[in-house]
Amino acid sequence: MHLKPAFATLSLCLLGATSTSLSVSAFAQQKDGVAASKRVLSLEMARTVVAAAQDEARKNGWPGAIAVVDDGGWLILAERMDNAATTLGAGVASEKARTAALFKRPSADLENAVNNGRPAAITAGFVMMEGGLPIVIDGQVVGAIGVSADTKVHDSQIARAGLAALRP
């Protein structure tokens, strides 16, 4: 196979840039000879959180949807309970969780910001409604839980019950 010189040169430049980027990234992860570590939310942990949240919802008669995402806001697990108030709940729960994970704070904080005079925040493309809470392990946000049941107070109570399942 014969490559045209301009393409070959571009390819080599890109390869060189990639290797430089990789070595810079590897170097950036080490400081004083110690590698940085990152906590990760596993599927098993997400299942534990969802099960505890569902128990709280069942106990109180508040069926809904519960979602858990990783620290990048990507869905790990979502379940809609039988007799949930709406079929939209699964999407709303996932987006509440995504919002809490990416902002590293409860989604209610953003809802409060909008309600207290920051209406421009609604253009950001996030669900700024109470019911999303970050999941923090060893001081690191590793993901979030989002709940959509019947009221925002119930959503938060269910989400807190899910978080409690990860505490020692």
May I ask which residue of P63, A85, V40 lies farthest towards the positive end of the charge dipole of the range 37-164, with charges of +1 (Lys, Arg) and -1 (Asp, Glu) on Cβ and the Cα centre as origin? V40
Using Cα positions and a limit of under 15 Å, work out the aspartates and glutamates in reach of K152, with same-chain residues fewer than 8 apart set aside. E56, E95, D109, E111, E130
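So what is the accessible area of the range 48-168 per residue, in Å², with the probe set to 1.4 Å?
On a per-residue basis, 49 Å².
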Where labels lie 7 Å past Cα in the beta-carbon direction, separation of R118 and A35 in nm: 3.8
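The values are calculated or read from the model by the stated rules, or taken from the named source; none is laboratory data. Everything quoted here is computed from the prediction, not taken from an experiment. For neighbour counting, all protein chains shown are included, and Cβ atoms are generated from backbone atoms with ideal geometry for every residue, glycine included. Heavy atoms of the whole protein, side chains included, go into the accessibility calculation; ligands, DNA and RNA do not. Shrake-Rupley method; radii C 1.70, N 1.55, O 1.52, S 1.80 Å.
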